[in-house]
Amino acid sequence: MAKTRDIQRRIKSVNNTKKITRAMEMVAATKMRRATEAVLRTRAYADLSWRIALSLAANKKNGETVHPLLVRREKVKKVALILFSSNRGLCGSYNSAVINKAEQSIRKHEKQTGAEIDFFLVGKKGAAVYRYFGYNIAAEFKKEDTIAGLEASAPIASLAVGGFLQGDYDKILIAYTDYLSALKQVPRIKQILPISLDAPDEYLGFTENFSRAAAWPASEEFLFEPSPAAVLEEMLPRLVGMQIYQAMLEANASEHSARMAAMHQATAAAGDMASELTQHYNKSRQAAITAEIAEIAAGADAITAE
Amino acid sequence: MADKILQFEIVTPERVLVKENILQVTAPTVQGEITILPGHIPLVSVLASGVLEIARPDKSRTVISVSGGFIQVAGDKVVILADTAEKAEEIDLVRVEEAKARAVKTKNEAKTLDTRQFTALSAKISKELARSQAVKRWKKLNNLN
C-alpha cells in the first residue's frame with residue numbers, strides 16, 4: 001500500500017503546482033494585455049521618429065555643422081549596452097534569448113575592434129551576463145512591471161546621451177525583445193548612438209519591410225529652421241529617448257507574453273503528469289487488490305486441502 | 001494632378017491622428033507659421049504649440065491643435081511628430097477654458113515652483129491655449145456661432 005500512497009501524494013503536489021501556474025498565467029495575461037496596448041499605441045510614433053533620425057544621419061554630409069550625436073567615432077574604445085531583461089524568471093527562454101543575442105552581436109561586431117563593453121541593466125535577470133560572459137556591469141536600473149510613461153525611461157536616456165557626449169562611451173547599443181505577437185517575440189539589438197548609417201544593418205533595426213534603401217531619400221539636403229544646431233539639439237535627444245522608451249515597452253510586452261506562454265505550457269504539462277500519475281495509481285491499487293485476493297484464495301485453498 | 005499632392009502624416013505617442021493625401025498644410029513652428037505646398041524643399045523644423053490646418057483635395061479643411069513637436073518635409077512627404085495633437089472637432093471648448101484657468105491659477109498662486117514644475121505648467125497653459133484657438137478657428141471656418 002505504501003506505493004499507492006506515494007503516488008497519491010505526488011498527484012496532489014502536481015495538482016497544487018498546476019493551480020499556481022494557472023494563476024500565474026492569468027496574472028501574466030492581464031499584464032500582457034495592458035503592456036500590449038501600450039506598445040502598440042506608441043509604435044507608430046517610435047518607428048517614424050527612428051526613420052527621421054536615420055534620415056537626419058544620412059543628411060549630414062552637407063558640410064554644415066554636424067551634431068555630436070550623429071558623429072561616428074573612428075576609434076571605438078568603450079561600448080555601452082543597455083540590456084532589457086525581466087526581474088523574475090519563469091518566463092521561458094525570454095531572458096536567455098536576449099542575453100545570447102547581445103553576446104552574439106558583441107562577438108560579431110565589437111570583439112575584433114578590442115572595445116571594452118559596459119552593460120547597463122534594466123531588470124535583475126540581466127545580471128547573468130556577468131555570471132556567464134564576465135562582462136562589466138556599470139549600472140542597474142529598477143524595472144517596473146507596468147510602465148508609467150516617458151519619464152520611466154528618462155534616467156536611462158539621460159545617462160546614455162550624457163555618457164556619449166562626455167566621451168565615456170563611443171557607442172551605445174540597446175538589446176531588447178521585440179514584441180511581434182503574443183506567440184512570437186524576437187530579441188533585437190539596436191545602435192542608438194551615434195545615429196549613423198555606417199552601422200551594420202542588424203544595428204539599425206532594418207527588417208524585411210524596412211530596408212536600408214527605404215530609410216529615406218538619402219541624397220536630399222534638409223533646410224533646418226531656425227538652424228541645424230538648434231533643431232538637432234532639440235530633436236535628437238528626444239528621438240533617442242523615444243527609442244529607449246519603445247524598447248522598454250516592447251521588452252515589457254514580450255516578457256509578459258513569454259511568461260504567459262511558459263505558464264500555459266507548465267499548466268498543460270502538470271495536467272498531463274497528473275493524469276499519467278492517476279493511471280499509475282489506479283494500476284497499483286488494482287495490483288494490490290489482486291494480490292490480496294490471491295493471498296486469500298491461496299489461504300482458503302490451503303485450509304480446504306487439509 | 002498626381003504631383004500636386006502631399007502625403008501627410010501626423011503622429012503622436014498616443015496614436016496616428018491623420019494619415020492622408022492633402023494639398024497643403026499650415027503649421028506653427030518656433031519661428032512663426034509656415035505653409036507647405038507640394039514641391040517644398042526638404043525641411044526640418046521644431047513645432048511650437050498652436051493651430052495646424054490642412055486642406056484636402058476636396059476643399060475640406062481640418063483644424064488641429066498641436067503642442068510642440070517636429071515637422072519634416074522630404075519630397076512629397078510631410079511628417080509631423082507631435083507631443084500631443086487633437087482635431088478641433090474633438091475638443092470640448094468649455095473644458096479647455098476650465099483647464100486653462102486652472103493651470104493659470106496654479107501658476108499664479110504657487111510661490112515655490114521649481115523649474116521643472118514651472119516648465120510643465122507653462123507648457124500646459126500654452127497647450128490649452130492652442131486647443132481653444134483651434135476650436136475658435138474651426139468654428140469660424142464652418143460658420144458656427
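The values are calculated or read from the model by the stated rules, or taken from the named source; none is laboratory data. Everything numeric in this text was worked out from a predicted model, so none of it was measured. Glycine gets a Cβ as well: all are built from the backbone with ideal geometry, and neighbour counts include every protein chain shown. Areas reflect the complete protein model, heavy atoms only, side chains present, ligands, DNA and RNA absent. Shrake-Rupley method; radii C 1.70, N 1.55, O 1.52, S 1.80 Å.
Rg over Rh for the protein assembly as shown works out to 1.17, using Cα positions for both radii and the Kirkwood form for Rh. Sites count as exposed loop sites when they are trypsin sites (Lys or Arg not before Pro), lie in a DSSP loop, and have at most 10 other Cβ atoms within 10 angstrom; the longest stretch of chain B without one is B:1-58. Interface size, chains B and A: roughly 2200 Å² of accessible area buried, both sides included, 1.4 Å probe, rounded to the nearest 100.
Solvent-accessible surface of protein heavy atoms, probed at 1.4 angstrom with all chains present, puts B:Glu53, A:Glu221, A:Glu295 in the order A:Glu295, A:Glu221, B:Glu53, largest first. Close amide H pairs (under 5 Å, H built 1.01 Å from N) link A:Glu140 with A:Leu121, residues at least 5 positions away or on another chain.
Shown in residue order for the range B:8-15 are the 3J(HN,Hα) couplings computed by the Karplus curve 6.51 cos²θ - 1.76 cosθ + 1.60 at θ = phi - 60°: 9, 9, 10, 10, 10, x, 7, 6 Hz (x for Gly and Pro).
Solvent exposure of the protein assembly as shown, expressed per residue, is 52 Å² of accessible area, with all protein chains present and a 1.4 angstrom probe. Across A:Tyr203, A:Tyr245, A:Tyr281, the residue with the most accessible area heads the list, and the full order at a 1.4 Å probe is A:Tyr281, A:Tyr245, A:Tyr203.
The fraction of accessible area contributed by carbon and sulfur in the range A:7-54 is 56 percent, rounded to a whole number (1.4 Å probe; ligands and nucleic acids excluded). Remark: the range A:223-239, residue by residue, has Karplus-estimated 3J(HN,Hα) of 8, 9, 10, x, 8, x, 4, 5, 5, 5, 4, 6, 7, 4, x, 5, 5 Hz, where x stands for each Gly or Pro and the curve is 6.51 cos²θ - 1.76 cosθ + 1.60 at θ = phi - 60°. For A:Met26, the accessible surface of its heavy atoms amounts to roughly 120 Å² (probe 1.4 Å, protein chains only, rounded to the nearest 10). 3J(HN,Hα) couplings calculated from phi for the range A:282-292 with the Karplus curve 6.51 cos²θ - 1.76 cosθ + 1.60 (θ = phi - 60°) are, in sequence order, 4, 4, 5, 5, 4, 4, 5, 5, 4, 4, 4 Hz; Gly and Pro show x.
For a quick check of your reading of the filter: which chymotrypsin sites (Phe, Trp or Tyr not before Pro) in the range A:80-170 sit in a DSSP loop and have no more than 11 other Cβ atoms within 10 Å?
Within the range A:80-170, no chymotrypsin sites (Phe, Trp or Tyr not before Pro) qualify (loop, at most 11 other Cβ atoms within 10 Å).
The value obtained for the range A:27-260, namely the Cα convex hull volume divided by the number of residues, is 119 Å³ per residue.
Of the GluC sites (Glu not before Pro) found in the range A:116-203, the ones in coil according to DSSP and having at most 14 other Cβ atoms within 10 Å of their Cβ are A:Glu144. Annotation: amide H-H contacts under 5 Å for B:Gln24 (H modelled 1.01 Å from N, sequence separation of 5 or more, or interchain): B:Ala55. Structure remark: mean-square fluctuation, Gaussian network model of chain A, C-alpha springs under 10 Å; the largest value among A:Ala128, A:Ala291, A:Ala138 belongs to A:Ala291.
Other residues lying with their Cβ under 13 Å from the Cβ of A:Ala291 contribute a combined charge of +1, Lys and Arg counting +1, Asp and Glu -1.
Across all C-alpha atoms in the range B:68-119, the radius of gyration and Dmax reach 16.5, 49 Å.
Interface residues of the range B:37-55, defined as those with an accessible-area decrease of at least 40 Å² between the chain by itself and the complete set of protein chains (probe 1.4 Å), are B:Pro42, B:Leu43, B:Val44, B:Val46.
Net charge of the neighbourhood of A:Pro187, taken over other residues with C-beta under 13 Å away and scored Lys/Arg +1, Asp/Glu -1, is -1.
Other protein chain C-beta atoms within 10 Å of residue C-beta, averaged over B:62-69: 1.
Solvent-accessible surface of protein heavy atoms, probed at 1.4 angstrom with all chains present, puts B:Arg56, A:Arg10 in the order A:Arg10, B:Arg56, largest first. Element breakdown for the range B:2-88 at a 1.4 angstrom probe: carbon and sulfur atoms account for 48% of the accessible area.
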